[in-house]
Structures are given as C-alpha cells and as structure tokens.
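To start, the structure itself, in structure tokens.
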Amino acid sequence: MSTQSPFPSKLPEVGTTIFTVMSKMALDFNAINLSQGFPDFEISAELQNLVTDYMGKGHNQYAPMAGVPDLLNSISRKLKQTHNIEVDEKNEITITAGATEALYATIAAIVKPGDEVLVIEPAYDAYVPAVRLNGGKPVLIPMDIPDFTINWDRVAHHITGRTKLIIINTPHNPTGTILEEDDLSALAGIVAKHGIYVLSDEVYEHIIFDGEVHQSVLKHPGLRERSIAVYSFGKTFHATGWKIGYSVAPPSITREIRKVHQFLTFSVNTPIQYALATFLEDKKNYEGQDRFFQQKRDYFLEQMQTSRFVPVTSKGTYFQLFSYKNYGNRPDREMAEWLTQEIGVASIPISVFYQDKTDNHYLRFCFGKNDQTLKKGAEILCRI
Ligand SMILES: Cc1ncc(COP(=O)(O)O)c(C=O)c1O
C-alpha cells in the first residue's frame, strides 16, 4: 500500500464528467443513449473525401499557428455571408482544437488571479474549471425558471470592481434557449458601463429554429470590440470527434489568445483545415442545419406527446429539456440513473450544470440522433 499522501488537486471538485458517466451507463445497461451531445449519423461523404484528398496531396505537416490561410479566408467569407460580419482574417481568427480549446485559451489570456468571471447557470461544464485554473473567481448567476431566461438587472447587480469577463452561450446548452436582440442590447449596456469583456460560446449558431435569427456578439456594435466569439466545426458538420473550432476577437485580444494557443496545441491538424476551407465555399453545406435539426426536434416532441414529461420547447441546439414533475420529485440524478438502468433511455440531469447542483427536476435529451433512435427512445418513455 502506498504511504504517500494524495497528490494535491488544483480542481478538487472536478470528477468524471456526467457525459462520460451516462454514456457508459447507457452502454452497460443497453439503453438508448440520448445523453451525450453527439450525432449518431454519418458526416458528409464529400467532406470525408476532401480530407483524404488533402492528405494524399501531402498536406500532413504542421499548419501555421493561427490556422491555414485558406481556412481563415473561408471563415471570414462565411461570417460575411451568414451574419453580415466583417472580420480581418489575418488578425482576428484563430483555429483551435475544438471550441473547448478556444474557450480555455480565451479565459487563460484574459483572466488574472483574483478576477471575477460571471457565469450564467445552468452552464456548459468547461467554463468554471478554466476560470478556476487561471486563478479567477466564478460568480454564478442562475437563469429564471421555468423559461430559463436571463435577468440582466440581476447580472448587473453582481458586477464589482474585480469583474473582468462574462461568459454567455447562445443557442444554449443544456436548455435550448436563445438570446434575443434585447438580451444583447441589455448586455451591451452593462459592457459600456463597466468595461468588462464578453466570451460568447456560439457553437450551435447553425442549429436555431422557428425562423429565429442567431444573435452573435460579433454583429452587435456595442459588443464587437470587447467580445470573443467561439465556434465549432465538430458541431456544425456532425464531426465532434475531429475537435476543430475557432475564435473570433479583435486583434489586440486575438494576439493574447494566440500566445496561449501557441503553447497549448501550437496548431491544428492540417488536412482537415484544408478540407474545411473547400467545404465552406458552398454555403449549402452549413445553411440547411437548422431545418434538418428542427425536423428532428419536431419529430421527437411529437413522439413524446403522449408521455407525461413536460417539454421546455427547444429553440436551438440539439437538446430538448423535459420536466418530470408528473413523476414525483426524486433528485434528477437518481431519475436519470433509474431511466437508464430500469427503463432503458439515457439522459442528462440538469443539476450537473450548476456548481451547487441546484435541482429543478429537469432532464436533457439529445435529439441529434437517427429518427429510429428517437422513435424507440420516445416509445419507451411514453410507456412509463
Ligand atoms: C456549449 C458548448 N460549448 C462548447 C462545446 C465544445 O465544443 P468542441 O467539441 O468543438 O470542443 C460544446 C460541446 O458539447 C458545447 O455544448
């Protein structure tokens, strides 16, 4: 037996993520996996072929640190085309190993020990540990239920002389809510008054429903100069395993993000960057995503109609929240485990997206799956 004392953790509160736990449980109990956010259908054959073509052409060595120029150029054209945003591709875009690296590099570049960072909860799990690792203090602000909206007066109330950054996410994981123009205007008012920075996680920009328009911080004149927006090709092209994304920020902030990126990964895999540069040239390749996923959301909700789960209709992302208040009030983690082990459908309990594990009895189901998988899952859930 070892006599050594345990190695002192810098993140003692962090264990195995719930996504890993639930996916493993789904596998162990042969349950339909609607927990983790990854599609169970194939990526575009054209995109796959482009990657092998570029490998065959010898694009297999280190890419430039900030990204392959062709890809930076394709992204800047895409931003112009989709959101009418002008960016200086040489000085404002950085290709990263997934949105996760872009988030981490941004937080590391901005947050100094003692700085406070506003995080709206429920929150994607990558934000708070990155703030803590860089000596920052997360200041947690809950959304209002049952609609999961942000009360901007409450946000303003939490600002102190040490507040450096606010992290927002639209469309939002796990709730499927989106920020409207009014939300960004309220945020811009706060930014103008207090001079804080905004880190905007926009990885689901192309998964937005019912004719709503994605509100990017990059489009907002009051936010553009103090904001960093983060995107993910893994989400946009159903290729979460590729781990490739990018950040867009003003040159002075990008310079600092690149300093961190340089020593986190240096550069991101070359043939995929070339393939994406070519694939992005045809806007059809990303513009149909909202319709595709809206059909899935509608299909899943329709299949769930006879269940007693109560939906908070998703406005974006491939996540659908349900309240299970009609099934009693056992803790959501217990409910998710019971559903996986005894009923045969895996989901994610929403309490894990709160640092203090606030439990409002909601579960998140991922509908970015084949219709057959959704039908089978819903059939089982409707029988309870
Ligand atoms: C809100 C949000 N941000 C970031 C990410 C991470 O994206 P990537 O896989 O590109 O690192 C995810 C993945 O689930 C997410 O849901």
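The values are calculated or read from the model by the stated rules, or taken from the named source; none is laboratory data. Given the structure is predicted, the values throughout are model-derived calculations rather than measurements. Because the Cβ atoms are built from the backbone with ideal geometry, glycine has one as well, and the counts that use them run over all protein chains shown. In case anyone asks, the SASA skips ligands and DNA or RNA and just uses the protein heavy atoms, side chains included. Shrake-Rupley method; radii C 1.70, N 1.55, O 1.52, S 1.80 Å.
Assorted remarks:
- Overall form of the chain per C-alpha gyration tensor (a/c, 1.5; a/b vs b/c): rounded
- Applying 0.36 nm per residue to the separation of THR17 and PHE29 and subtracting their alpha-carbon distance, the gain on full extension is 2.5 nm.
- Order of exposure, largest accessible area first, which applies to PHE38, PHE293 with probe 1.4 Å: PHE38, PHE293
- A 1.4 Å probe run over the chain, with the rest of the protein chains in place, finds 44 Å² accessible per residue.
- Rounded accessible area of LEU72 (nearest 10 Å², 1.4 Å probe): 20
- When the Gaussian network model of the chain links Cα atoms closer than 10 Å, the mean-square fluctuations of LYS235, LYS90, LYS193 top out at LYS193.
- Paramagnetic label reach from ASP282 (point 7 Å along Cα→Cβ; backbone nitrogen cut-off under 19 Å): within the range 41-70, residues 42-55.
- Exposure check, 1.4 Å probe, all protein chains in place: THR313 carries approximately 80 Å² of accessible surface.
- Stretching ASP371 away from THR358 to a fully extended chain increases their span by 1.5 nm, per 0.36 nm per residue minus the current alpha-carbon distance.
- Cα-based shape type of the range 88-163, given that a ≥ b ≥ c are square roots of the gyration tensor eigenvalues and the cut on a/c is 1.5: prolate
- Straight-line cross-link partners of LYS369 among the aspartates and glutamates, defined as a Cα under 16 Å from its Cα and at least 8 positions apart when in the same chain: ASP40, GLU42, ASP290, ASP298, GLU302, GLU379.
- Proximal lysines to LYS90, defined as alpha-carbon separation beneath 20 angstrom and excluding residues fewer than eight positions away on the same chain: LYS78, LYS80, LYS219, LYS259
- Fraction of accessible area attributable to carbon and sulfur, the range 59-285 (%, probe 1.4 Å): 50
- Debye-formula intensities of the range 59-285, expressed as log10 I(q)/I(0) at q = 0.10, 0.11, 0.13 Å⁻¹, are -0.42, -0.51, -0.72 (one equal scatterer per alpha-carbon, no solvent).
- Coil-residue GluC sites (Glu not before Pro) of the range 187-226, DSSP, other Cβ within 10 Å capped at 13: GLU212
- Cα-centred dipole magnitude for the chain, charges only on beta-carbon of K, R (+1) and D, E (-1), debye, nearest 20: 660
- Accessible-area order (highest first, 1.4 angstrom probe) of the listed residues MET65, MET143: MET65, MET143
- Charge dipole of the chain about the Cα centre (unit charges at C-beta), most positive-ward option of PRO171, ALA97, GLN372: ALA97
- Sequentially through the range 157-172, phi angles give Karplus couplings (6.51, -1.76, 1.60; θ = phi - 60°) of 5, 8, 7, 10, x, 9, 5, 10, 8, 10, 10, 10, 8, 9, x, 9 Hz, Gly and Pro residues having no value and appearing as x.
- Expected 222 nm ellipticity per residue - DSSP helices of 4 or more, -39500 (n - 2.57), all of the chain, to 500: -11500 deg cm²/dmol
- Lysines with Cα under 18 Å of LYS243, excluding same-chain neighbours fewer than 8 positions away: LYS235
- Note on THR52 and GLN81: the model spin-label points, each 7 Å out from Cα along the C-beta direction, lie 2.5 nm apart.
- The modelled label-to-label distance for the pair ILE145/SER5, using points 7 Å beyond Cα in the direction of Cβ, is 4.0 nm.
- Label point 7 Å beyond Cα of PHE41 along Cβ direction - residues of the range 287-308 with amide nitrogen under 17 Å: 287-303
- At most 14 other Cβ within 10 Å, DSSP loop - GluC sites (Glu not before Pro), the range 7-52: GLU13, GLU42
- Computed label-point distance, nm, for sites THR160 and SER185 using a 7 Å Cα→Cβ extension: 3.2
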